[in-house]
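All remarks here apply to the structure that follows.
The values are calculated or read from the model by the stated rules, or taken from the named source; none is laboratory data. Everything numeric in this text was worked out from a predicted model, so none of it was measured. As a convention, Cβ positions derive from the backbone with ideal geometry for all residues, glycine included, and neighbour counts pool all protein chains shown.
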Amino acid sequence: MMKTKLASAATAAAAVLAMLTALPAAAHDIVYTGTLSGLAESPANNSPGIGFTTITFNDHDFSMRVEVTFSGLSGDTTASHIHCCTANPGAATAGVATQLPSFGGFLLGVKSGSYDHTFDMTQLSSWNGAFVTANGGTTGAAFSTLLQGFADGKAYLNIHTTAVGSGEIRAFPQLAPVPEPETWALMVAGLGGVAWSVRRRKVLA
């Protein structure tokens, strides 16, 4: 029984160590999520379309992953971009920050679909050149500006269509909550305790 207890404790400790070891790599990811709708556009519209986006920045390798799903649009898609930076958080409009005429590979001519692409933000081709020029003249400076725009709630992703050329649905993505390292440790330790309790009952039965 003592051997079983020690084995369970060792397993839980190893799980905690593995989780905490993996955290620094994940710590470079900055994740934003948002729900796209016509009401969030400027001006607002009554589009039946809806979408969801997850945008993940990595400040270690300077990448940006854009994930979008959408459906029910009134018109066919013509473009999708990230715009930055509006004068006020969550309101008004701003110029396109990312590549033109649309995200590379984004589905055009459809009313529903999904998209997942990771951009190397050190490459000028990932940007609207005018945004880079207006924000320090380098991709590094533009990346910093875009990150700050998201942090301030002044950046948005939208989808343009044949029905609403200026943008049918959009979202101002918000920072997604991330558990603290201490929370992960407590969760894993707690699971280890539950596993030990269950095993102990089996041994005593």
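Annotations for the structure displayed:
- Candidates S74, S80, S125: the one that is polar (S, T, N, Q), under 19 Å from T35 (Cα atoms) and over 20 Å from the mean Cα position of the chain (by Cα) is S74.
- Residues that are exposed (fewer than 13 other Cβ atoms within 10 Å of the Cβ) and touching a residue at least 40 places away in the same chain (Cβ under 8 Å), drawn from the range 117-139: D120
- The lone criterion from (1) of a type in the set (S, T, N, Q); (2) surrounded by fewer than 18 Cβ atoms within 10 Å (Cβ to Cβ); (3) assigned to a loop (DSSP other than H, G, I, E, B) left unmet by S114 is number (3).
- The one condition in (1) loosely packed, with under 14 Cβ neighbours inside 10 Å; (2) farther than 27 Å from H28 by Cα that F70 fails to fulfil: (1)
- Filtered residues of the range 141-162 (kept if touching an Asp or Glu at 6+ places or on another chain (Cβ under 8 Å) and surrounded by fewer than 21 Cβ atoms within 10 Å (Cβ to Cβ)): L147, T162
- Qualifying residue in the range 91-108 (condition: surrounded by 15 or more Cβ atoms within 10 Å (Cβ to Cβ) and either charged (D, E, K, R) or under 16 Å from A40 (Cβ atoms) (or both)): yes
- Subset of the range 68-92 (residues that are closer than 22 Å to F57 by Cα, among the β-branched types (V, I, T) and in contact (Cβ under 8 Å) with a residue 60 or more places away in the chain): V68, I82, T86
- Just one of the listed residues (S47, S126, S112, S102) is of a type in the set (S, T, N, Q) and closer than 22 Å to Q174 by Cβ, namely S47.
- Which listed residue is farther than 29 Å from L108 by Cα and either at pLDDT below 55 or assigned to a loop (DSSP other than H, G, I, E, B) (or both), from S47, S74, S42, S8: S8
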